[in-house]
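Right, one structure below, let's go through it.
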Amino acid sequence: MTDRAELPPIPPSRQVVTAIPGPRSLALAERRAAVVAAGVSSAVPVFLERGHGAIVVDVDGNRFIDLGSGIGVTTIGHTDDAVVAAASEQLRRLTHGMFTISAYESYVRVAELLAEHTPGDHAKKSVLLNSGAEAVENAVKIARKHTGRSAIAVLEHAYHGRTNLTMAMTYKAMPYKAGFGPFAPGIHHVPGSYPFRDGLSGADAAARTISHLEKAIGASDLAAVVAEPIQGEGGFIVPAEGYLAAIQDWCTANGVVFVADEIQSGMARTGRLFASEHLGLVPDVVLTAKGIAGGLPLAAVTGRAEIMDAAHPGGLGGTFAGNPVAAAAAVAVFAEIERRDLLAEGRRIEATLRPALLDLRSRHPVIGDVRGLGAMLAIELVHPGTLDPDPAALASVVRFALEHGVLVLTAGTYGNVLRFLPSLATTDEQLLDAVGVLDEAFAAL
Ligand code: PLZ
């Protein structure tokens, strides 16, 4: 029995009690090396045992302030009590139904919640899936069926997944694509908006993108533009003001489906439920995954009813897609966001973290840019006074932080972005303690 009441509570602070990695992690690493495929690597060398709220504990008893949330998944906190209760209850009642054989309520409830809470008040429908990549794949299927066109445009620096189609849509070759081709045809990368590097206004960046869409692809062949409102793996790139709204308007005028990949930026990550809301977007289709079910695997494609219904009955589905336990967890996540006013927590985290990061930048010139929204913030490291990426400095900082009980993640096409995806349960004290560690890490460079 794993009754959580029997587990001792986890203190809300970092504490490192062994070398990192400790002896138990090292022993597990040895077992792992013998049987886990080399292609699956881990960013940090410790094995986790438990987590709660903003803290994770490794198998050697080291406690870390987790500023990554498993890449933005445990957004409302590790082992959130409401998620654990809802999932446990559903696990006992019905673990699997297979929605395409026999339906159950939690799936429908998640679709209702998504219809209510995604941007826009038009009629919406959803299909539930297991992973972000699967959501992207299904959005492409649906957009092609709806438009009768085949081409798909994605932005430079985009990340959309690791399946064959989504590898084609992901921008960065190493480590995501190198040697894994050939890739699905019909995918076109077009320039986007990266204010720190291109210096373009939203209008100028949009004009450049639209020129590519019109000249290199042709609107009459284009089924969809798929874009992350804030690019995640690409480096937490917030587009210049008005950029994506202009792209969305162009899509609407040309019968092209505008798909917002909110897999990393959505579900209360940015102080709004969806980053699209900050940017004035009402996407035709919104993709969710990661944070939607508090750590259980679930993803969704939610879109205008007439677009979503273009796929014929039987055309969409999957064995585990919309699993009842994951769906029950998602219902609990939506309820907790409301009950605990977690959108306000996202804004609180930004109000605490952004000034602290700006203060770091004022003292450490390797920090070229501070950007992001809500609890999705990042700093980009460059050789001082230039735009030349400094991935080596980043690696040292991340290593130092881990050795001092702070788990932070990297990102960026150039491998030089330190990203913060703290859970909304992270306290100001934990945030400032972690920034203090980073301050020391930068000083030690
Ligand atoms: N779209 C915007 O961020 C997942 C994956 C990291 P899956 N990003 C983190 C890794 O190394 O695998 C992601 C995303 C955006 C799609 C995806 C894909 O989601 O659930 O990983 O398939």
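Right, Ala335: within 16 Å of the ligand (Cβ to nearest atom) and not in a loop (DSSP other than H, G, I, E, B) or not? So Ala335 fails the test.
Here the condition is being open to solvent by 20 Å² or more (accessible area, probe 1.4 Å) and in contact with a Ser or Thr (Cβ under 7 Å, 6 or more places away or on another chain); of Pro297, Pro283, it holds for Pro297 alone.
Got a sec? Which of Glu336, Glu345 is open to solvent by 40 Å² or more (accessible area, probe 1.4 Å), closer than 27 Å to Val83 by Cα and among the charged types (D, E, K, R)? After applying the criteria, what remains is Glu345. Residues in the stretch 371-410 that are within 16 Å of Gln231 (Cβ to Cβ) and either touching a Leu at 6+ places or on another chain (Cβ under 8 Å) or not aliphatic (A, V, I, L, M) (or both): Arg371, Gly372, Gly374, Met376, Leu377, Ala378, Ile379, Glu380, Pro389, Leu409, Thr410. Looking across the stretch 60-86, the residues that are open to solvent by less than 20 Å² (accessible area, probe 1.4 Å) and away from the ligand (no atom under 16 Å from the Cβ) come down to Asn62, Phe64, Ile65, Ile76, Gly77, Asp80, Val83. Here Ile71 passes the criteria (1) in a loop (DSSP other than H, G, I, E, B); (2) within 29 Å of Asp341 (Cβ to Cβ) except the one numbered (1).
Taken over the stretch 257-278, the criterion of being in contact (Cβ under 8 Å) with a residue 40 or more places away in the chain and more than 15 Å from the ligand (Cβ to nearest atom) is satisfied by Val257, Ala268, Gly271, Arg272, Leu273, Glu277, His278.
Of everything listed in (1) in contact with a Lys or Arg (Cβ under 8 Å, 6 or more places away or on another chain); (2) of a type in the set (Gly, Ala, Ser); (3) more than 22 Å from Gly70 (Cα to Cα), the single unmet condition for Gly318 is (1). Beta carbons closer than 7 Å, at least 6 apart along the sequence or on distinct chains, pair a first residue in the stretch 35-54 that is touching a residue at least 40 places away in the same chain (Cβ under 8 Å) with a second that is of a type outside the set (A, V, I, L, M, F, W, C) and open to solvent by 70 Å² or more (accessible area, probe 1.4 Å) for Gly53/Pro12. Do you know which of the residues in the stretch 259-280 that are on the phi > 0 side of the Ramachandran plot and out of contact with any Lys or Arg (no Cβ under 8 Å at 6 or more places or on another chain) is least open to solvent (accessible area, probe 1.4 Å)? Restricting to residues being on the phi > 0 side of the Ramachandran plot and out of contact with any Lys or Arg (no Cβ under 8 Å at 6 or more places or on another chain), the top hit is Ala268. Within the option set His157, His189, being under 20 Å from Gln264 (Cβ atoms) and more than 19 Å from the chain's Cα centre (by Cα) holds for one residue only, His189. Residues in the stretch 210-229 that are touching a helix residue (DSSP H, G or I) at 6+ places or on another chain (Cβ under 6 Å) and away from the ligand (no atom under 16 Å from the Cβ) were compared, and the one that is most open to solvent (accessible area, probe 1.4 Å) is Ile210. Restricting attention to the stretch 1-52, the residues being surrounded by 14 or more Cβ atoms within 10 Å (Cβ to Cβ) and β-branched (Val, Ile, Thr) number 6.
Can you tell which of Ile379, Ile307, Ile367, Ile292 is at pLDDT 95 or above, away from the ligand (no atom under 16 Å from the Cβ), over 27 Å from Ile20 (Cβ atoms) and buried (at least 19 other Cβ atoms within 10 Å of the Cβ)?
Just a single option satisfies the conditions, and that option is Ile307.
Pairs are defined by a Cβ separation below 6 Å, a sequence spacing of at least 6 or placement on different chains, a first member in the stretch 233-245 that is at pLDDT 95 or above and open to solvent by 20 Å² or more (accessible area, probe 1.4 Å), and a second member that is within 14 Å of the ligand (Cβ to nearest atom) and not polar (S, T, N, Q); the pairs so defined are Glu233/Tyr159; Glu233/Ala411; Val238/Ile230.
The values are calculated or read from the model by the stated rules, or taken from the named source; none is laboratory data. Note that this is a predicted model, so its numbers are computed, not measured. As a convention, Cβ positions derive from the backbone with ideal geometry for all residues, glycine included, and neighbour counts pool all protein chains shown. Note: areas computed on protein heavy atoms with side chains; ligands, DNA, RNA excluded. Shrake-Rupley method; radii C 1.70, N 1.55, O 1.52, S 1.80 Å.
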